[in-house]
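The values are calculated or read from the model by the stated rules, or taken from the named source; none is laboratory data. The structure presented is a predicted model; accordingly, all values stated were derived computationally and were not measured. With ideal geometry, Cβ positions are generated from the backbone for all residues, glycine too; neighbour counts draw on all protein chains shown.
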């Protein structure tokens, strides 16, 4: 899943990038509001971590602008200003969560996952899809109750598909989620991951919608019995 | 006791007392006049009767029976005419005794049948004419006159007390509005007090109160901002340390070096901010600093540039003097060092330091060839925690300089040079 990190302090940002990468998030970091604004339009992020004290503009006005433009990406505000009125103002401005600094990395990750689950309309931490069972917290995947070890990118691809709940995803959306702004991607990398995932689970797991993109395929429990 | 109640009590009591005194006085006067008037009525009646009887021949009287002329005895003026022997010739009230004459000529009070009478007797051609009225009647008359006079009097008194009460209440309404406004407000609030139309006497009070509230509000706002900024400045490096340490632990010892390094960098920043904050608190506290012994300007500048002594970018112009400073030289050096650090940080060019003595003050000029500061920057430059974006400073350096300058009774001015750099001028009072 792709995280857009907007944080002006380079030390905090580098720590966050490393910490989130440990949890297999794809993170792109921007240190001012201007860059974050363009990134928001260029990328399909799954969540935003927003610091309020940005050098060029208040993070709150950036958030209001996004919400006014109908951008519903979950936003978690991360700030050192923890007065209750600050928190309330942040939530009123359209933030989905508020975490004061300093925070615990595990808590941040748990909150991010909860935000993404909520955005996907998923209340439980375990998603079941036909014979597939996916734990959103531990990212353990079971296929017919047997654990499957998926490589990082394929796991991310599966996660993205499961969170989109059958909606059609463009190749660009999936790529952003897997790679972010990373540019040195081979052109057929996504196809390779899709192919591998189909091979490991079953071909119907990903349904290609010609000319549009991909979506999570409908699975029948009995058909794939092994 | 409330102001309203006190005014009401004082004015009400004085009012009532004055009215009562007036009433007492009037009653006494009235009584005297009434008695005089009634006496005059008796005398006039007697004179009239006297005038009438002189018209008759003197031998008319013995033929008359005294009771003949007796009229109803209930009320009014009674009249009795006697001859010189005391025999009653004529009388209006038949129960009147002959002793009426015993009282003698003129006005007298006399008991007749246990009732007090007022009697007037005069002599006319050998006849004695007595006119009399009952004192009870007089009292009854007097009472009804008093009653007639007292009723409007009492109504007027009550009316004036009521008017007084209403007037005081109305007059003091701005005060009671102020009381309500003050008792209903949040003590922590700094919003101005508004009680609508304000009388002249209260206007300065409200004005002063609102000025004070505004001032307090500003101080509170500054305090709050400072606390919030301080929290931000302390929490940010703390967050960096915590995150990097957590990553380092998770990633394992072989790859953790870079994260530990980052944590240390953040720790150094935290330490610097803390030290600056503590320095600021010390300078601003009421702590007594010893006066310094004479110190050379060279020594002063040496401590100030100790960290940068080898820098080729520093140009110094320091006169050879020894002076007495108002604060320990180490503290003055901190101010100088902060200014020099700022200058070096914001320029790649030369920083010129000149320390000279003019009259009885020490002039320190630190000029850099740094980047342009905008008008907006100049406004915020001494704000606590303000720093140019991407600067590594704590944003407290100039605040510390200002605090030191304030303690020493000197002044600091920051001006943009035409070349674009900043010139900081520190002027401190000294005794050579």
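Looking at A:194, A:174, A:185, can you tell me which residue is closer than 22 Å to residue A:21 by Cβ, outside the structural domain of residue A:48 (by TED's automatic domain parsing) and crowded, with 19+ Cβ neighbours inside 10 Å?
Details: A:194 fails: closer than 22 Å to residue A:21 by Cβ; A:185 fails: crowded, with 19+ Cβ neighbours inside 10 Å.
Criteria check complete, one pass: A:174.
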Original post:
Is it true that some residue in region B:180-196 is surrounded by 12 or more Cβ atoms within 10 Å (Cβ to Cβ) and within 30 Å of residue B:20 (Cα to Cα)?
Top reply: no
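Residues are listed down the side, and each one gets a yes or a no for (1) assigned by TED's automatic domain parsing to the domain that holds residue B:276; (2) modelled with pLDDT of 80 or more; (3) surrounded by fewer than 20 Cβ atoms within 10 Å (Cβ to Cβ):
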| residue | (1), (2), (3) |
| --- | --- |
| B:312 | no, no, yes |
| B:340 | no, yes, no |
| B:350 | no, yes, yes |
| B:357 | no, yes, yes |
| B:361 | no, yes, yes |
| B:377 | no, yes, yes |
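Every residue, every condition in (1) part of a helix (DSSP H, G or I); (2) surrounded by fewer than 21 Cβ atoms within 10 Å (Cβ to Cβ); (3) within 13 Å of chain B (Cβ to nearest Cβ); (4) in contact with a strand residue (DSSP E or B) (Cβ under 8 Å, 6 or more places away or on another chain), yes or no:
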site: A:4; (1), (2), (3), (4): no, no, no, yes
site: A:28; (1), (2), (3), (4): no, no, no, yes
site: A:49; (1), (2), (3), (4): no, no, yes, yes
site: A:56; (1), (2), (3), (4): no, yes, yes, no
site: A:70; (1), (2), (3), (4): no, yes, no, no
site: A:77; (1), (2), (3), (4): no, no, no, yes
site: A:81; (1), (2), (3), (4): no, yes, yes, yes
Of the listed residues (B:302, B:288), the one being over 28 Å from residue A:12 (Cα atoms), more than 14 Å from chain A (Cβ to nearest Cβ) and outside any helix (DSSP H, G or I) is B:288
Screening A:46, A:106, A:97 for residues that are out of contact with any helix residue (DSSP H, G or I) (no Cβ under 7 Å at 6 or more places or on another chain) and at pLDDT 90 or above leaves only A:106
The residue that is farthest from residue B:237 (Cα to Cα), considering only those in region A:83-114 that are in contact (Cβ under 8 Å) with a residue 60 or more places away in the chain and surrounded by 20 or more Cβ atoms within 10 Å (Cβ to Cβ), is A:112
- Message: Among the residues of region A:20-28, are any under 26 Å from residue B:229 (Cβ atoms), out of contact with any helix residue (DSSP H, G or I) (no Cβ under 7 Å at 6 or more places or on another chain) and modelled with pLDDT of 90 or more?
- Response: no
With the first residue restricted to region B:222-241 and required to be assigned by TED's automatic domain parsing to the domain that holds residue B:384 and free of Cβ contacts under 8 Å to residues at least 24 places away in the same chain, and the second required to be surrounded by fewer than 21 Cβ atoms within 10 Å (Cβ to Cβ) and not in a helix (DSSP H, G or I), Cβ contacts under 9 Å at 6 or more apart or on different chains are none
Over region A:6-20, the set of residues more than 9 Å from every other protein chain (Cβ to nearest Cβ) and crowded, with 24+ Cβ neighbours inside 10 Å is A:6, A:7
message = residue B:316 - would you say it is in a strand (DSSP E or B) and away from chain A (no Cβ under 13 Å)?
response = yes
Quick count over region B:1-24, residues being exposed (fewer than 11 other Cβ atoms within 10 Å of the Cβ) and not in a helix (DSSP H, G or I), is 1
Residue A:64 passes all but one of the listed conditions (1) more than 26 Å from residue A:162 (Cα to Cα); (2) assigned to a helix (DSSP H, G or I); (3) within 14 Å of chain B (Cβ to nearest Cβ); the exception is number (3)
In region A:159-174, anything in a helix (DSSP H, G or I) and under 12 Å from the mean Cα position of the chain (by Cα) is listed as A:159, A:160, A:161, A:162, A:163, A:173, A:174
Among (1) closer than 19 Å to residue B:396 by Cβ; (2) more than 9 Å from chain A (Cβ to nearest Cβ), residue B:238 falls short only on (2)
Any residue in region B:244-255 that is within 13 Å of another protein chain (Cβ to nearest Cβ), in a helix (DSSP H, G or I), touching a strand residue (DSSP E or B) at 6+ places or on another chain (Cβ under 9 Å) and at pLDDT 85 or above? no
Restricted to region B:264-275 and to residues being at pLDDT 90 or above and within 8 Å of chain A (Cβ to nearest Cβ), the residue farthest from residue B:229 (Cα to Cα) is B:265
Consider residue A:16 carefully, then state whether it is within 30 Å of residue B:388 (Cα to Cα), in contact with a strand residue (DSSP E or B) (Cβ under 8 Å, 6 or more places away or on another chain) and at pLDDT 90 or above. yes
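Is it fair to say residue B:226 is within 14 Å of chain A (Cβ to nearest Cβ), part of a helix (DSSP H, G or I) and surrounded by 14 or more Cβ atoms within 10 Å (Cβ to Cβ)? Talk me through it step by step, then tell me what you get.
Details: within 14 Å of chain A (Cβ to nearest Cβ): yes; part of a helix (DSSP H, G or I): yes; surrounded by 14 or more Cβ atoms within 10 Å (Cβ to Cβ): yes.
Judged against the criteria, residue B:226 is a match.
Given the options A:159, A:154, name the one that is within 27 Å of residue A:48 (Cβ to Cβ), surrounded by 19 or more Cβ atoms within 10 Å (Cβ to Cβ) and in contact with a strand residue (DSSP E or B) (Cβ under 8 Å, 6 or more places away or on another chain). Quick ask: steps written out before the conclusion?
Numbers: A:154 fails: in contact with a strand residue (DSSP E or B) (Cβ under 8 Å, 6 or more places away or on another chain).
On inspection, the qualifying residue turns out to be A:159.
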If you go through B:356, B:352, the only one that is closer than 23 Å to residue B:291 by Cα and in a strand (DSSP E or B) is B:356
Subset of region B:197-223, residues exposed (fewer than 11 other Cβ atoms within 10 Å of the Cβ) and closer than 30 Å to residue A:50 by Cβ, comes to B:223
